[in-house]
Amino acid sequence: MKLKKILSRLAQMAVTVAGVSFLTFCLTYLAPGDPALMLLEAGDTIVSQETIEQTRKEMGLDKPFIVQYGNWVAGALQGDMGMSYSAKKPVTEKLAEGFAGTLLLAGVTVVLILLISIPLGIFSAVHQNKAADYLVRIFSFIGVSMPSFWIGLILLYIFGLKLGLFPIASASVTAKGIVLPAITLAIYQSAKYTRQVRTVILEELHQDYVVGARARGLGERTILWKHVLPNAVLPLITLLGMSIGWLLGGVAVIEMVFSWPGIGNMAVRAITMRDYPLIEGFVLWISIVYMLINFAVDISYSYLDPKLRKGVRA
């Protein structure tokens, strides 16, 4: 990827982040309720109007909208996105706490997805329209059709409540606590990826270079591992990148089902408690993650696709 194109993409990302931040700030500003009043009433005490006004002044809520937004942007550029109303901590600190759990969950889930979907997809494609192929396709159809939270509840009921093999709720990041949420996410994503891998492999198996390789006497395993798979990797990178962005953004429903201390669980609680600074920081984080993942996917395309390597060296 040429330097000019990289700078252009970075400029587009900056404009997008600015737009997302402005829209998010607008929505939280227009949301019903007074953050100062909610903050003061969190302690179940009766407060006077003077105290509320003083608190609003200290929080900068008495200033016009554009001034509030400008102050927030200036702080965000320096890594300061304000204080969380509910946790009484800096938003960046809260996001870092939640991200640790989400990052671990995403990493384990991605490994499980690759271990399940790639072998099954290849196996299904190689045995096209045979009994094994139909079984794999049935598995993928059922996996995609079932809601992930329902799968999670079933696993939680069987392995958590009935068998007692895993904790029902994880207040902290533990090895046992991550098993069920990771499997739940992997089942849904693996079902989708298995179908994609199968489709891509079948498309490559019908290409002219495969016919030529067979005509030269190459074995099916050699054709599959040395020729088909390298060409099939590129279309799957985009899907994998989107899934990583989705996982790093925090899978709120699954994290809530298993009480996993991740960024998605934190965001849901922030919305419930109207913790506007934390919500704004979370949305900004999501937008940046998705754009960085897409940017990384584009760069990987440039290096992995022989047709685009000249652009990388230019």
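The values are calculated or read from the model by the stated rules, or taken from the named source; none is laboratory data. This structure is a prediction, so every number in the text was calculated from the model and none was measured. Here the Cβ is made from the backbone with ideal geometry for all residues, glycine too, and neighbour counts use every protein chain on show.
Yes/no per residue for (1) part of a helix (DSSP H, G or I); (2) closer than 30 Å to Gln49 by Cα; (3) of a type outside the set (Phe, Trp, Tyr):
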| residue | (1), (2), (3) |
| --- | --- |
| Gly70 | yes, yes, yes |
| Ala76 | yes, no, yes |
| Leu95 | yes, no, yes |
| Thr102 | yes, no, yes |
| Gly107 | yes, no, yes |
| Ser117 | yes, no, yes |
| Phe123 | yes, no, no |
| Asn129 | no, no, yes |
Restrict the check to region 94-108 and report whether at least one residue is surrounded by 13 or more Cβ atoms within 10 Å (Cβ to Cβ), within 30 Å of Val228 (Cβ to Cβ), in contact with a Leu (Cβ under 9 Å, 6 or more places away or on another chain) and free of Cβ contacts under 8 Å to residues at least 12 places away in the same chain. yes
Which of (1) in contact with a helix residue (DSSP H, G or I) (Cβ under 9 Å, 6 or more places away or on another chain); (2) under 21 Å from Gly121 (Cα atoms); (3) hydrophobic (A, V, I, L, M, F, W, C) is the odd one out, the single condition Trp225 does not satisfy? (1)
Qualifying position, being over 30 Å from Ile183 (Cβ atoms), of a type in the set (Gly, Ala, Ser) and either part of a helix (DSSP H, G or I) or out of contact with any Gly (no Cβ under 6 Å at 6 or more places or on another chain) (or both), among Gly241, Gly264, Gly217: Gly217
In the list Lys130, Lys89, Lys63, which residue meets the criterion of being closer than 30 Å to Val15 by Cβ and of a type in the set (D, E, K, R)? Lys63
Within region 125-156, count every residue that is more than 13 Å from Gln189 (Cβ to Cβ), among the hydroxyl-bearing types (Ser, Thr, Tyr) and at pLDDT below 90. 1
Which condition number in (1) closer than 30 Å to Lys192 by Cβ; (2) at pLDDT below 85 is the one that Asp62 fails? (1)
Residues of region 157-177 being aliphatic (A, V, I, L, M), in contact with a helix residue (DSSP H, G or I) (Cβ under 9 Å, 6 or more places away or on another chain) and modelled with pLDDT of 85 or more, in sequence order, are Leu165
The residue from Leu3, Leu39, Leu23 that alone is closer than 21 Å to Ile271 by Cα and modelled with pLDDT under 80 is Leu39
For the condition over 30 Å from Val233 (Cβ atoms), outside any helix (DSSP H, G or I) and out of contact with any strand residue (DSSP E or B) (no Cβ under 6 Å at 6 or more places or on another chain), what is the one hit in Ile154, Ile168, Ile158? Ile168
Residue within region 201-208 that is under 31 Å from the mean Cα position of the chain (by Cα) and buried (at least 22 other Cβ atoms within 10 Å of the Cβ) present: yes
Name the residue that is nearest to Leu61 (Cα to Cα), counting only residues in region 267-297 that are of a type outside the set (Lys, Arg) and outside any helix (DSSP H, G or I). Asp275
Taking only pairs six or more apart or across chains, which ones have beta-carbon atoms under 9 Å, a first residue in region 197-213 that is in contact (Cβ under 8 Å) with a residue 24 or more places away in the chain, and a second residue that is surrounded by 13 or more Cβ atoms within 10 Å (Cβ to Cβ) and of a type in the set (Ser, Thr, Tyr)? Val197/Ser117; Val197/Ser124; Arg198/Ser124; Arg198/Ser140; Ile201/Ser124; Leu202/Ser124
